[in-house]
Amino acid sequence: KAGVTQTPRYLIKTRGQQVTLSCSPISGHRSVSWYQQTPGQGLQFLFEYFSETQRNKGNFPGRFSGRQFSNSRSEMNVSTLELGDSALYLCASSLAHRVGLAEAFFGQGTRLTVV
Amino acid sequence: AQKITQTQPGMFVQEKEAVTLDCTYDTSDQSYGLFWYKQPSSGEMIFLIYQGSYDEQNATEGRYSLNFQKARKSANLVISASQLGDSAMYFCAMREGPYNQGGKLIFGQGTELSVKP
């Protein structure tokens, strides 16, 4: 069974540009969550999508957006990149529709560097 | 607000010995889930173990066990018989949100574990 796949693994972008990151969840998983990891702030929740609907949102500016497709694949977009957006972006998928089944499985992440 | 606290920024353990990584949490919810993840230098977050707030027994997964003390709001990870490959960052996390809807994870700051040969 394939795990969570994130593409690309590494990205270098220039300040002011925009970027799109992709996440393919484990087959059958309908929930996809995104997290930003930086040395200063640690792991912070960005948003969660379930059945193509944003269900939870973290405390990030509107430059950060996402969407989920009917096949549960998700993308996140960051517009007008800032140096502080340099981070490891992690995607997690879970079944999230059975009580008691709560494990979230992560991809390898996309390391974004803004220069 | 829900919060996870890991008070050990770094720890050392001798190979083959057991080690306990501390985690305390704060929540007003009655229903919640607690997780431990391992993050090697490659960056991937590897799921280790899960404990539900209503689970009466401590969770175990191979060499990992979770010492769940609900009244003290602690969920310490115990790794038995440490191996060199256990050297990594370890994160404690709590699931916030409706129990059957995944929700979002709140993470602690992590503990860097180094296993000495």
Fill in the blank from the handout: Those residues of the stretch B:25-35 which are part of a strand (DSSP E or B), open to solvent by less than 60 Å² (accessible area, probe 1.4 Å) and more than 11 Å from chain A (Cβ to nearest Cβ) amount to B:25
Exercise for the section: Starting from residues that are under 27 Å from residue A:83 (Cα atoms) and part of a loop (DSSP other than H, G, I, E, B), keep the ones in the stretch A:5-36 and report whichever is nearest to the other protein chains (Cβ to nearest Cβ). Expected result: A:9
Completion exercise
Of the residues in the stretch A:37-78, those that are part of a loop (DSSP other than H, G, I, E, B), open to solvent by 60 Å² or more (accessible area, probe 1.4 Å), free of Cβ contacts under 8 Å to residues at least 24 places away in the same chain and over 22 Å from residue A:115 (Cα atoms) number 4
Handout entry: Search result, residues across the stretch B:41-68 that are more than 9 Å from every other protein chain (Cβ to nearest Cβ), surrounded by 16 or more Cβ atoms within 10 Å (Cβ to Cβ), without any contact (Cβ under 8 Å) to a residue 24 or more places away in the chain and not in a loop (DSSP other than H, G, I, E, B)
Key = B:65
Handout entry: residue A:93 vs. criteria within 14 Å of chain B (Cβ to nearest Cβ) and of a type in the set (S, T, N, Q)
Key = yes
Exercise for the section: Could you please let me know if residue A:81 is within 27 Å of residue B:89 (Cβ to Cβ), outside any strand (DSSP E or B), open to solvent by less than 50 Å² (accessible area, probe 1.4 Å) and touching a residue at least 12 places away in the same chain (Cβ under 8 Å)? Expected result: yes
Problem - Output for the stretch B:1-23, where each listed residue is within 21 Å of residue A:45 (Cβ to Cβ) and either over 15 Å from the mean Cα position of the chain (by Cα) or open to solvent by less than 60 Å² (accessible area, probe 1.4 Å) (or both) - result: B:1, B:2, B:4, B:5, B:6, B:23
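The values are calculated or read from the model by the stated rules, or taken from the named source; none is laboratory data. Since the structure is predicted, the reported quantities are computational estimates derived from the model, not experimental observations. Neighbour counts run over all protein chains shown; Cβ positions are idealised from the backbone, glycine included. Each accessible area value is taken on the protein alone, full model and side chains, heavy atoms only, with ligands, DNA and RNA left out. Shrake-Rupley method; radii C 1.70, N 1.55, O 1.52, S 1.80 Å.
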